[in-house]
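Step one of this worksheet: look at the structure below.
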There are 2 protein chains.
Amino acid sequence: MLNIKPENLRTFVTVADCGTLQEASEILGRTPSAISMSLKQLSEQLGAELFETDRKANLTPTGQFVLEESRRALSSFDESLSIMQRYTQGKMGVVKVATVPSVASHLLPDVVSRFQKKAPNVRLELRDTDSVMVATAVRNGSVDCGVASLSFASQDLQHQLLLEEPFGLVCRPDHSLATSKKPLTWQALEDVTFISNGLCEQIRDEQFVRINSNTAIQVHNIVTLLGFIQQGMGVTLLPRLAVPDQGELCFLPLADKAAVRRLYFLEPKHHRISPAGMVFKGEVVGSFIRE
Amino acid sequence: MLNIKPENLRTFVTVADCGTLQEASEILGRTPSAISMSLKQLSEQLGAELFETDRKANLTPTGQFVLEESRRALSSFDESLSIMQRYTQGKMGVVKVATVPSVASHLLPDVVSRFQKKAPNVRLELRDTDSVMVATAVRNGSVDCGVASLSFASQDLQHQLLLEEPFGLVCRPDHSLATSKKPLTWQALEDVTFISNGLCEQIRDEQFVRINSNTAIQVHNIVTLLGFIQQGMGVTLLPRLAVPDQGELCFLPLADKAAVRRLYFLEPKHHRISPAGMVFKGEVVGSFIRE
DNA sequence: CGCCAATTTCATTAAATCTGAAATAATCTT
DNA sequence: AAGATTATTTCAGATTTAATGAAATTGGCG
């Protein structure tokens, strides 16, 4: 089998274009004798003369054919290398991300627009679900990475803290607790109708856990939950980002500063994410670290 | 710029397929350490890890992408080399040939069928004209080579004698000369109506040249010429191959054995013909040398 | 937690490639 | 047509690049 390297073809193409070894030698940065040897090797491998005479002005029919095919071969090879390079630089590919809804709606838009400026040819696939599903999706590989809170550390997930935000009481402005001047204690919740939601599981305080587990209603969907609050059916606890800014509901601080939601960047521990995914991660992490 | 050679990609693909250096080293015929270094070089050039761990069982996302692209790059490159190789071996391409009609109809069929057996993927373009046009076509490159007689040696044509065949007198069976027992002398032509044709210019004998230039009719097209003879309008001189075998005309030998048509293989002197053309030439020359 | 096997590293050897000078071949000039 | 000139090839030595084999390291498995 023959052993022709792209550099042989590149040399040949340059010489054919220049018509002289001297000129080609300057372009290629090698001596004419090196180029002469490279051409000799190529024509020996092919078993045919490429030039009519030892002056390089005229190609044989074989030379013309090999010239065209060499151009094709080189541009295809170079294109492949370029594609690999763009991929490894995170300028190409697909990134699939799962986040919790509050992150998706409040924090992702900024991250995404900066990411797209940096990597305009990368396709971004976003989905939002609850934290458990985010973790599952990252774990089984159906997404590259995710942002969620972490109920329990998984052995095949790597996590990185992005943000801590306090829970607060969400209620109507005319609710009895709404006028409280001081941060609310857990005790205050004992006497009102508490509507639980999925995020409440993040709060580990014993007294609250009891309140939470005794509650009559638990609503998982945020929009539905807020509707219930709006109707005056009770109060709930939510982190700041989960509550729409321009709503008509109150958001009151809690006395227990340990009641926080932690958001983590999640990625698989045992296999790494794509270069484009790394660029996305950089945007996410950078965005949260700055603020 | 990066300096990745096909051998690097081939090594990577083999290792990715095998899943272990040991196995790949046997296939590639190199030691595991050589392969390890080649892989290291590749991933350094790309600036990304290709395998999850130093065991080669699992590819990173980058590795999977590079694997696919490497396959594409290698098969394209190899295909190009294969095409060049097939071309230089005369297994691909186009051969354009011009011949005189008698060769085209009598001798080419055999040559062509043997050529097509040898080079089934080469396109053959045949045309027939008179010798002067054949030579012109070869000279100006509109055909690769040709078969014709040669009125005057051209400085940019290379020729090779294929066949010498004697001229003979062509006439109706009831013509006065048809019954002659002895080979005909030029003198015998002085008393009959001689119809000239283009091939007669090959005959240099002085007496004949005079007869030929005094003739009242000159017909260039062979079919037309034979029609004239058939009608009893006169006689002509032709080489054996130019007269149809199963015609009703007589072909009588001449006394002057120097009156021969010489057929040459013609090719350009200053630029060589394509590999497929060389294969065709081989068939033509071989065919004539054998007989 | 330690063994076993695969992989990497490192120093050395081998191979391929490049250089520069001299020889050769081709074109240009007279 | 012969010498002058320029381009190309050849060759030996130098340099760069890749491959080897032994030793060190790493990762997976019991």
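Hey, what's region A:6-88 come to in accessible area per residue, 1.4 Å probe, Å²?
On the way: 3940 Å² over 83 residues.
Value returned for region A:6-88: 47 Å² of accessible area per residue.
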- Query: Taking a label point 7 Å from Cα toward Cβ, how far is A:Thr31 from its twins in the other copies, in nm, shortest first?
  - Reply: 3.3
- Query: Taking A:Lys281 as the anchor, which aspartates and glutamates have their alpha carbon closer than 20 Å to its alpha carbon, excluding any fewer than eight residues away along the same chain?
  - Reply: A:Asp110, A:Glu125, A:Asp128, A:Asp130, A:Asp144, A:Asp156, A:Glu164, A:Glu267, A:Glu291, B:Glu49, B:Glu52
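Over the protein assembly as shown, what percent of the accessible surface lies on carbon and sulfur atoms, probe 1.4 Å?
On the way: 15030 of 29480 Å².
Ligands and nucleic acids excluded, carbon and sulfur give 51 percent.
Could you give the Stokes-Einstein D for region B:164-261 in µm² per second, using the C-alpha Kirkwood radius, 37 °C, 0.692 mPa s? Spell out each step's value before the answer.
On the way: Rh = 13.2 Å.
It diffuses with D of about 249 µm²/s by this estimate.
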- Task: Over region B:132-291, give the accessible area per residue in Å² for a 1.4 Å probe, as an integer.
- Result: 50 Å²
- Message: Net charge around A:Leu157, counting only other residues with Cβ within less than 15 Å of its Cβ (Lys, Arg = +1; Asp, Glu = -1)?
- Response: +2
- Mind ranking B:7-16, B:23-32 by how tightly packed they are, going by the mean number of other C-beta atoms within 10 angstrom, highest first? B:7-16, B:23-32
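Can you check what the net charge comes to around B:Leu39, using other residues whose Cβ is under 12 Å from the Cβ of B:Leu39 (Lys, Arg +1; Asp, Glu -1)? Kindly include the intermediate steps, with their values, before the conclusion.
Working: positive: B:Arg10, B:Arg30, B:Lys40, B:Lys56; negative: B:Glu7, B:Glu44, B:Glu49, B:Asp54.
Result for the neighbourhood of B:Leu39: 0.
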- Task: With a 1.4 Å probe on protein heavy atoms only, work out how much accessible surface A and B bury together, total over both chains, in Å² to the nearest 100.
- Result: 3200 Å²
- Message: How big is the protein assembly as shown along each principal axis, measuring the range of its Cα positions in Å and listing the largest first?
- Response: 145, 53, 41
- Note on region A:83-105: residues buried by at least 30 Å² of accessible area once partner chains are added (vs chain on its own, 1.4 Å probe) come out as A:Ile83, A:Met84, A:Gln85, A:Tyr87, A:Thr88
- Message: Can you give me the C-alpha center-to-center distance between region A:214-277 and region B:130-186, rounded to a whole angstrom?
- Response: 101 Å
- Per residue of B:271-277, what is the mean number of Cβ atoms on other protein chains within 10 angstrom of that residue's Cβ? 5
- Task: Ignore the peptide's own chain and count Cβ atoms of other chains within 10 Å of each Cβ in A:61-74; give me the average, rounded.
- Result: 5
- Task: Using packing as a proxy for protection, rank A:102-109, A:241-248 so that the peptide with the highest average count of other Cβ atoms within 10 Å comes first.
- Result: A:102-109, A:241-248
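Determine the percent antiparallel among the DSSP beta bridges restricted to chain B, to the nearest 5.
On the way: 21 of 35 bridges.
Antiparallel: roughly 60 percent of the beta bridges in chain B.
Is it possible to state the helix-based mean residue ellipticity at 222 nm for chain A, with each DSSP H run of 4+ residues giving -39500 (n - 2.57), the sum divided by total residues, to the nearest 500 deg cm²/dmol? What is it?
Numbers: 10 runs with 125 residues, N = 291.
Theoretical 222 nm ellipticity from helices: -13500 deg cm²/dmol.
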- Based solely on C-alpha atoms, express the radius of gyration and the Dmax of region B:6-88 in angstrom. 13.5, 45
- Message: Going 7 Å from Cα along the Cα-Cβ axis for the label, what nanometre distances separate B:Asp205 from the same residue across the other copies?
- Response: 13.1
- Note on the structure: Charge tally for neighbours of A:Ser213 with beta carbon under 14 Å away, counting Lys, Arg as +1 and Asp, Glu as -1, is -2
- Helix A:32-46: angle to the longest alpha-carbon principal axis of chain A, degrees 0 to 90, nearest 10? 90 degrees
- At A:Gln160, label 7 Å along Cα→Cβ: distances to the other copies, nm, ascending? 7.2
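The values are calculated or read from the model by the stated rules, or taken from the named source; none is laboratory data. Everything quoted here is computed from the prediction, not taken from an experiment. Reconstructed Cβ throughout: ideal geometry from the backbone, glycine too, with neighbour counts over all protein chains shown. Heads up: the accessible areas ignore ligands, DNA and RNA and are worked out on the full protein's heavy atoms, side chains in. Shrake-Rupley method; radii C 1.70, N 1.55, O 1.52, S 1.80 Å.
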